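Read the structure below first, then the notes.
The values are calculated or read from the model by the stated rules, or taken from the named source; none is laboratory data. Note that the structure is predicted; figures quoted are calculated from it, not measured. A quick note on method: Cβ atoms are made from the backbone with ideal geometry, for glycine too, and the neighbour counts reach across all protein chains shown.
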Amino acid sequence: MLRIWCPLCGTDDETTLHALWGCRKLKYVRGEWWPSNKLVIGHYETFIDFIFSSYRLLNGKELQTLCVVFWRVWCLRNAFIHERKRSNVWDILSWSKAFVSDRYPATGNSSVQASLERVKWKPPDQREYKINCKVVIHRDCGWIGFGIVIRDSLGLVMASCSVRTAARVDSWAANALVIRNGIQFGNECGLFPFSIESDAKRAVDEINKSTHLDSNYGSILLDIASLLALWRVSGVKWAPAACNKVAFGLAKEAISRRDDFFWMEDFPQSVRAEVYYELQIHFAQDSARKHVSIRT
């Protein structure tokens, strides 16, 4: 695997998320942002997951400001890399806010809000179930929390679980394991047919390939492949992290509890707000579609 060195802080595993937000040289920018703006803080595999997760908490102007911050950081990095020109990071946020304020009245936020509405959990087709899986890794304690939720085509929760296990594996293996556990949980609940949805794009891509033996985690992939062939699973699909909020809450619940918990047609208090929010969005859109159908 190609490992790229960060020219600013010296880390040997630079990613887009690191370059535009996570670099320790940008600590002041992050610190200045968080007191005055809402933003999801957590573990993300990719930069796009970080962006999608932020959509739910930011209004149009805040989202525009965040995007300008990324643009400004990128410009300053390029100036340093190509021209050896050092710039002050202290004014990145204030500069970005001023830039947006100068242009916001002319653009408004309608297009941004339209984009936000598209980033949400969607129910499965009729007569099918959808299983969402998420993992949270507590590296200091060596715990992994698995969160799994099964919902029907109306968005109603059929089953959910929060399971904690002790294991020291990387994020890829952990994400593959929770997908395997999700398939097994669906079978144990007898809810067929179902699809699996995860925001771990790399794990989903590897599962959908046929080159399992070439992977470092071939045994896990072969195990998943055998389960997919054995039971009625319509597919393993990727979705942005913003579509996986309930499973994420269940995974965090698993880390905080000493025992494993399983619920049939129920879920813990910690994820109720998210479940009800997604139900409300689904029913509102379904009602709107029916209204349009009646009028036409």
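Side notes on the structure shown:
- Test: residue in the range 215-225 that is touching a residue at least 40 places away in the same chain (Cβ under 8 Å) and within 17 Å of the chain's Cα centre (by Cα): no
- Single residue of the range 181-204 satisfying the filter (over 16 Å from Asp152 (Cα atoms) and crowded, with 23+ Cβ neighbours inside 10 Å) that is modelled with the highest pLDDT: Ser198
Per-residue answers, yes or no, for (1) of a type outside the set (A, V, I, L, M); (2) under 24 Å from Asp266 (Cβ atoms); (3) not assigned by TED's automatic domain parsing to the domain that holds Phe52:
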residue	(1), (2), (3)
Cys133	yes, yes, yes
Ile148	no, yes, yes
Gly190	yes, yes, yes
Arg202	yes, no, yes
Ile207	no, no, yes
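- Residue that is polar (S, T, N, Q) and at pLDDT 80 or above, where the choices are Asn37, Asn59, Asn88, Asn132: Asn132
- Filter result (within 19 Å of Ile179 (Cβ to Cβ) and surrounded by 14 or more Cβ atoms within 10 Å (Cβ to Cβ)) within the range 245-273: Lys245, Val246, Ala247, Phe248, Gly249, Leu250, Ala251, Lys252, Glu253, Ala254, Ile255, Phe262
- Residue-level analysis places Val275 among those that are within 16 Å of Arg151 (Cα to Cα) and either among the aromatic types (Phe, Trp, Tyr) or in contact with a helix residue (DSSP H, G or I) (Cβ under 9 Å, 6 or more places away or on another chain) (or both).
- Selection over the range 138-156 of residues that are surrounded by fewer than 20 Cβ atoms within 10 Å (Cβ to Cβ) and either within 15 Å of the chain's Cα centre (by Cα) or part of a strand (DSSP E or B) (or both) gives a count of 2.
- Top-ranked residue in the range 252-266 [being among the hydrophobic types (A, V, I, L, M, F, W, C) and touching a helix residue (DSSP H, G or I) at 6+ places or on another chain (Cβ under 8 Å); ranked as farthest from Arg164 (Cα to Cα)]: Met264
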